[in-house]
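The values are calculated or read from the model by the stated rules, or taken from the named source; none is laboratory data. Please read all numbers here as calculations on a predicted model, not as lab measurements. Positions of Cβ are backbone-derived with ideal geometry, glycine not excepted, and every protein chain shown enters the neighbour counts. SASA here: full protein model, heavy atoms, side chains in, ligands and nucleic acids out. Shrake-Rupley method; radii C 1.70, N 1.55, O 1.52, S 1.80 Å.
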Amino acid sequence: MLVSLVLLVLGALTAVVTPRLMARAQWPEREPVVALWVWQCVVAGVLLSFGLSMMLSAAAAWQAVRGQVFAPAPRAVVEAYALAAYGPWSAVIAVLLALGGLWTVAMLVREIHRAQQRRRRRRSELLVRSPLMPGEEPGSGPLVVLEGERPDAWWLPGAAPRLVITTAALGRLKGRQLDAVLAHEQGHAQARHDWLLHCSTALATGFPQVPVFAAFRDEMHRLVELAADDVASRRFGRLTIALALVELNEDRGVFGPCPTPDAQVPLRVNRLLAPVERLTAGRRLRLTAAAALVPVVPLLVAFVPGLSALG
């Protein structure tokens, strides 16, 4: 069987089957960090399968590409891939996959550009609503307080990341709840969750019909919040961060019967107040190792014929 077609089928099966398997699993809510790693490995495996399939299809279609891909390889290695048997469809597959790769890069660049625009706009608004005092240096403190009637808090990433919080939120947060909110947002910043969100959004926007990319985006938005909740709860306790979430979101109607854009907040609060036991260290290690093997599989499929020929 042609290696490029095997890789193409492998990538397609992974993209279709993985979301269904992960949707049935109960452990991601217990181990969000491990789940984040699993999703990243799966998506990397899908992209790697398609990329290697494109490379081999292009090598079969055009002699110039073949010379670059197999330049240092002995003749036996080239013959092991039977490139001459690919037929005219190899060029079509290579072009389609190359266009998909270019579209992916374009979507990622667009998403990063939009994120930078949003960040600049927020910083400009911040300077208007909270101007610097005489002698104050920009970004001199990690906390910025804004006058506002609505309780809100958010992390503003950048060279000098800062936690922005409104006076209404300060009036609601009691005791160590403010420290817990700060720890939550710092958890996002330290793990660079913004990059995960950018990549997942770019893939889901560029390929809305691919199940794995749509599920990747939805799960990233959910799991990064759970992971940041765990960071805060380890320092200040589950009850503290749960009460802080309630205080910040109570007036938004998220705890009512009607669905809202912040419908995950009640689930996060319930998870914090009624925690389930974590997976054992051994099972976490096995899941991590198994996920790391997902991108290795397409590499093995691609290189085994050549390695067998050398053997």
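For Rg and Dmax of the Cα atoms in Å, one of (1) 18.0, 53; (2) 17.9, 50; (3) 24.2, 75 was computed from the structure I shared and the rest are decoys. Which label?
The listed entry that was calculated here is (3).
If the elastic network links every pair of Cα atoms under 10 Å, which of LEU21, LEU197, LEU273 fluctuates the most in the Gaussian network model of the chain?
Largest GNM mean-square fluctuation: LEU21.
Go through the stretch 165-249 and name the trypsin sites (Lys or Arg not before Pro) that are in a DSSP coil and have 14 or fewer other Cβ atoms within 10 Å of their Cβ.
Counting only loop positions with at most 14 other Cβ atoms within 10 Å, the trypsin sites (Lys or Arg not before Pro) in the stretch 165-249 are LYS174, ARG192.
What number does the stretch 218-257 give for Rg over Rh if you use C-alpha atoms and the Kirkwood radius?
That ratio is 1.03, to two decimals.
Roughly what % of DSSP beta bridges within the chain run antiparallel, to the nearest 5?
If we restrict to bridges inside the chain, about 50 percent are antiparallel.
Would you work out the charge dipole size for the stretch 143-301 about its Cα centre, treating the Cβ of every Lys and Arg as +1 and the Cβ of every Asp and Glu as -1, and quote it to the nearest 20 debye?
Value, rounded to 20: 640 debye.
To the nearest 0.05, how large is the calculated FRET efficiency for ALA12 and LYS174 if R₀ is 41 Å and r is the Cβ-Cβ distance?
It comes to 0.20.
Can you sort VAL33, VAL95 by 1.4 Å-probe accessible area, starting with the largest?
Accessible-area ranking of VAL33, VAL95, largest first: VAL33, VAL95.
If you roll a 1.4 Å probe over the chain with all protein chains in place, what percent of the accessible area is carbon or sulfur?
Carbon and sulfur together cover 64 percent of it.
Work out from phi, with θ = phi - 60° and the Karplus expression 6.51 cos²θ - 1.76 cosθ + 1.60, the ³J(HN,Hα) of each residue of the stretch 144-155, listed in order in whole Hz, and give x for Gly and Pro.
Along the stretch 144-155, the couplings run 10, 9, 10, 6, x, 7, 9, x, 7, 7, 8, 9 Hz.
When the dipole is taken about the Cα centre of the stretch 1-105, and only Lys, Arg (+1) and Asp, Glu (-1) are charged at their Cβ, what size is it in debye, to the nearest 20?
Dipole magnitude for the stretch 1-105 comes out near 80 debye.
Determine, from the Cβ-Cβ distance of GLN116 and THR167 and an R0 of 30 Å, the FRET efficiency 1/(1 + (r/R0)^6), rounded to the nearest 0.05.
So, using R0 = 30 Å, E works out to roughly 0.60.
Enter the accessible area per residue of the chain (Å², integer; probe 1.4 Å; all protein chains in place).
Accessible area per residue, the chain: 55 Å².
With θ taken as phi - 60° and the coefficients 6.51, -1.76 and 1.60, list the Karplus ³J(HN,Hα) couplings across the stretch 70-75 in order, rounded to whole Hz; mark glycine and proline as x.
Running phi through 6.51 cos²θ - 1.76 cosθ + 1.60 with θ = phi - 60° gives 10, 4, x, 8, x, 4 Hz.
Once the other residues with Cβ under 12 Å from the Cβ of LEU143 are scored (Lys, Arg +1; Asp, Glu -1), what is the net sum?
-1
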